[in-house]
Amino acid sequence: MLTKIEKRLCQSAISVRQNAYAPYSKFKVGVAILDDTENLHLGVNVENAAYPQGTCAEAGAISAMIASGGKQIKLIAVSGGGLELCTPCGGCRQKIREFASLQTTVLICDEEKFEERFTLEALIPASFGPKNLF
Ligand code: THU
């Protein structure tokens with residue numbers, strides 16, 4: 001079951017996914033972030049002919065959040081295709097970890113609907129974070 005805001009976030013991730021630029025992998029990903037001040041930030045993967053220069057949807061959404069003054073990820077939804085659950089890649093788990101608490105919910109959607117929820121801690125256990133540097 002999803003709360004109203006969770007449903008809205010999933011719908012946003014699913015709909016922004018259509019704008020992804022993924023001509024090489026054909027694997028489109030959309031992300032929606034709700035920040036601590038209830039603002040919504042969107043991201044999509046943006047690939048490049050020089051393959052390693054492509055960027056993930058999570059990175060785009062985090063960048064949008066930071067650029068508009070958001071500080072903390074309250075809730076995040078990821079939408080992707082394929083037969084498997086489109087959970088964030090390892091690098092993106094770490095990027096999310098920078099701006100979220102370990103209890104933050106990560107909602108995973110396919111191309112059209114919510115599939116499964118995780119805590120961030122379940123996706124990146126025993127993680128390294130900002131406090132490690134003190
Ligand atoms: N991708 C994301 O945008 N986020 C992830 O967490 C996993 C992978 C993108 C990168 C690439 O453009 C495509 O999906 C295939 O890997």
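The values are calculated or read from the model by the stated rules, or taken from the named source; none is laboratory data. From a predicted model like this one, the values you see are computed outputs, not experimental measurements. Every residue, glycine among them, receives a Cβ derived from its backbone with ideal geometry; neighbour counts consider all protein chains shown. Protein only, heavy atoms only, side chains kept; ligands, DNA and RNA dropped before computing areas. Shrake-Rupley method; radii C 1.70, N 1.55, O 1.52, S 1.80 Å.
Per-structure values
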item: Residues with amide H under 5 Å from that of Asp36, placed H, sequence gap 5 or more; result: Lys71, Gln72, Lys74
item: 19 Å tail of the calculated P(r), region 8-81, as % of Cα pairs; result: 30
item: Phi-based couplings in Hz for region 34-50 (Karplus 6.51, -1.76, 1.60; Gly and Pro marked x); result: 9, 8, 5, 9, 6, 8, 9, 10, 10, x, 9, 6, 10, 7, 8, 4, 8
item: Probe 1.4 Å - accessible area at Phe27, Å² to nearest ten; result: 80
item: Area projected by the alpha carbon convex hull of the chain, averaged over all directions, nm²; result: 8.4
item: Förster-model FRET efficiency, 22 Å R0, Gln18 and Lys71, C-beta, rounded to 0.05; result: 0.15
item: Listed pairs Lys74/Lys113; Lys26/Lys74; Lys26/Lys95; Lys26/Lys71 exceeding 27 Å between Cα atoms; result: Lys26/Lys74; Lys26/Lys71
item: Cα centroid of region 56-134 to Cα centroid of region 1-45, whole Å; result: 11
item: Solvent exposure of region 1-79 as accessible area per residue, Å², 1.4 Å probe; result: 53
item: Fraction of beta bridges assigned by DSSP in the chain that are antiparallel (%, nearest 5); result: 75
item: Relative contact order (%) - criterion: Cα under 8 Å, at least six apart; region: the chain; result: 22
